[in-house]
Amino acid sequence: LRHIEVIPEIEMPGHSEEVTAAYPELGCHGEPYRDGDLCPGNERTFEFLENVLLEVMELFPSEYIHIGGDECPKVRWEKCPVCQAKIRELGIEGDDKHAAEYYLQSYVTARVEKFLNEHGRRIIGWDEILEGELAPDATVMSWRGSEGGIAAARLGHDAIMTPTSHFYFDYYQARD
């Protein structure tokens, strides 16, 4: 009616403090309130995410689901034996651009994208999803400047430009 489409953002694999507080077994430490990064080495993490996404898809008919992907420090994954085992299982190796844990996050993004694509949906992720390997059909939302959106477009992906300097409502319009 008003030509507005609400696109939900379900943050993963970082910024998930509410999940690890309620389900500490989905974090690398297994303790509530210790951190907010989900453990991608744990298959139960994906079972949980898929169940949440199924519920989200029932509530939001949008073509897109935003999966976040930003500000996930990965330092817990470096020390997590379950994550390190998943890295070995998948044959992930770091390179001169990124450590293996960045490619582990790419695995999470691609796996979630595949799940959502199977349900007729597409993903949007913040420009950090460019670090590692970009999921095949991902749309990149560039918030840390314009460079991420430009890089995504050069790779043949859709981009949404939302640099904080110009598009965040919590910034002043002028210095005075």
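The values are calculated or read from the model by the stated rules, or taken from the named source; none is laboratory data. Fair warning: this is a prediction, and the values are worked out from it, not measured in the lab. Neighbour counts are summed over all protein chains in view; Cβ atoms, including those assigned to glycine, are modelled from backbone coordinates with ideal geometry. These area figures cover heavy atoms from the full protein model, side chains too; ligands, DNA and RNA do not enter into them. Shrake-Rupley method; radii C 1.70, N 1.55, O 1.52, S 1.80 Å.
Restricting attention to region 154-172, which residues are within 21 Å of ILE65 (Cα to Cα), open to solvent by 60 Å² or more (accessible area, probe 1.4 Å) and not in a loop (DSSP other than H, G, I, E, B)? Within region 154-172, MET161, PHE167 qualify. The criterion of at least 1 residues that are open to solvent by less than 10 Å² (accessible area, probe 1.4 Å) and hydrophobic (A, V, I, L, M, F, W, C) is met by the following helices (runs of 4 or more DSSP H) wholly inside region 8-98: 43-59, 75-79, 81-90. Checking CYS80 against (1) modelled with pLDDT of 95 or more; (2) under 16 Å from the mean Cα position of the chain (by Cα); (3) farther than 21 Å from LYS114 by Cα, which single condition isn't satisfied? So the condition that CYS80 fails would be (2).
Out of all the residues in region 1-38, which are of a type in the set (Gly, Ala, Ser) and over 21 Å from THR109 (Cα atoms)? If the condition is that a residue be of a type in the set (Gly, Ala, Ser) and over 21 Å from THR109 (Cα atoms), then ALA21, ALA22, GLY30 are the ones that fit. Here's a check for you: in region 129-153, which residue that is farther than 25 Å from ILE87 by Cβ and part of a loop (DSSP other than H, G, I, E, B) is most open to solvent (accessible area, probe 1.4 Å)? Per the stated criteria, the residue is ARG144. For region 46-104, taking the residues that are among the acidic types (Asp, Glu) and touching a Phe, Trp or Tyr at 6+ places or on another chain (Cβ under 9 Å), the one that is nearest to GLU128 (Cα to Cα) is identified as ASP70. Taking the criterion of being touching a helix residue (DSSP H, G or I) at 6+ places or on another chain (Cβ under 7 Å) and assigned to a helix (DSSP H, G or I), the residues of region 100-128 that qualify are ALA100, GLU101, LEU104, TYR107, THR109, ARG111, VAL112, PHE115, LEU116, ASP127. With the structure loaded, tell me whether GLN105 is of a type outside the set (A, V, I, L, M) and surrounded by 20 or more Cβ atoms within 10 Å (Cβ to Cβ) or whether it fails that test. Taking the combined requirement at face value, the residue satisfies it.
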